[in-house]
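The values are calculated or read from the model by the stated rules, or taken from the named source; none is laboratory data. In this text the structure is predicted, and so the values were computed from the model without any measurement. Cβ sites come from the backbone with ideal geometry, for glycine too, and all protein chains shown count toward neighbours. Accessible surface areas use protein heavy atoms only, side chains included; no ligands, DNA or RNA. Shrake-Rupley method; radii C 1.70, N 1.55, O 1.52, S 1.80 Å.
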Amino acid sequence: MGMGINVRERIAKRAAEEINDGMIVNLGIGIPSLVTNHIASEINVMFQAENGILGMGPSPNQGKEDPTLCNAAGFPVTVVPGASYFDSATAFGMIRSGYLDITILGGLEVSEQGDLANWIVPGKRVPGIGGAMELAKKAKKVIVVMNHSSKNGEPKIVKECSFPLTAKRCVSMIITDMAVMEITETGLLLKEVMAPYTIEEVSLATGADLQISKKVKIIKDV
């Protein structure tokens with residue numbers, strides 16, 4: 001099933017809580033791009049885009065867009081004081097050199113071991129893998145934000161990915177419309193549940209072995 005605007009913003013808001021002062025963060029297409037709207041004013045973070053921006057700010061208000069300023073997905077953005085611009089080669093040099101503290105990406109599937117598939121659905125045409133592989137392997141922390149289930153109701157968190165992999169054992173955290181999970185040395189650990197869902201509902205919707213934290217936090221509905 002698809003998700004409404006409020007659910008997407010809720011996921012983005014939870015992902016924003018993982019960002020600390022002084023970090024350099026890359027945001028993927030879709031839900032990740034909403035994270036900039038949920039950063040606390042006291043947090044100084046530099047958001048990086050593969051098309052050559054360091055220092056993206058919140059989305060512009062309607063009618064205030066700069067047609068020459070966009071993120072890697074082509075959507076209008078703002079910039080914060082101290083922002084800089086450069087070519088894509090420099091942008092990818094930053095990524096491959098390990099300067100990113102966090103990357104927040106969308107996902108098609110994530111395995112219980114942290115394998116990520118997010119670049120292609122077999123049989124569908126795409127322009128290319130883009131920067132997905134570099135981001136998944138070179139960022140210090142990889143957070144995946146996505147629906148818990150596919151449009152057909154199938155689990156997207158699985159024992160083994162069936163789609164072509166972007167990278168193996170790269171995901172640290174998964175945030176969905178139902179829950180927040182961490183990939184640990186012993187497998188998938190449920191840490192938080194999004195109300196109104198229950199632990200039992202999350203377990204049934206997950207296609208992998210799921211360990212339950214001793215103290216699961218309930219994120220209240222908004």
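Quick look at the values:
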quantity	calculated
N20 in a loop (DSSP other than H, G, I, E, B) and among the polar types (S, T, N, Q)	yes
The range 109-144, residues that are among the basic types (K, R) and in a loop (DSSP other than H, G, I, E, B)	K124, R125, K140, K141
Looking only at the range 110-131, and only at residues there that are under 15 Å from the mean Cα position of the chain (by Cα) and open to solvent by 20 Å² or more (accessible area, probe 1.4 Å), the one that is modelled with the lowest pLDDT	W119
Residue within the range 12-23 that is of a type in the set (S, T, N, Q), open to solvent by 20 Å² or more (accessible area, probe 1.4 Å) and at pLDDT 95 or above present	yes
Output for the range 132-185, where each listed residue is of a type in the set (S, T, Y), open to solvent by less than 60 Å² (accessible area, probe 1.4 Å) and more than 25 Å from I24 (Cα to Cα)	S149, S150
Total residues in the range 58-108, condition more than 19 Å from M23 (Cβ to Cβ), open to solvent by 60 Å² or more (accessible area, probe 1.4 Å) and assigned to a strand (DSSP E or B)	1
Selection status of K156, under 28 Å from N6 (Cβ atoms), charged (D, E, K, R) and within 17 Å of the chain's Cα centre (by Cα)	yes
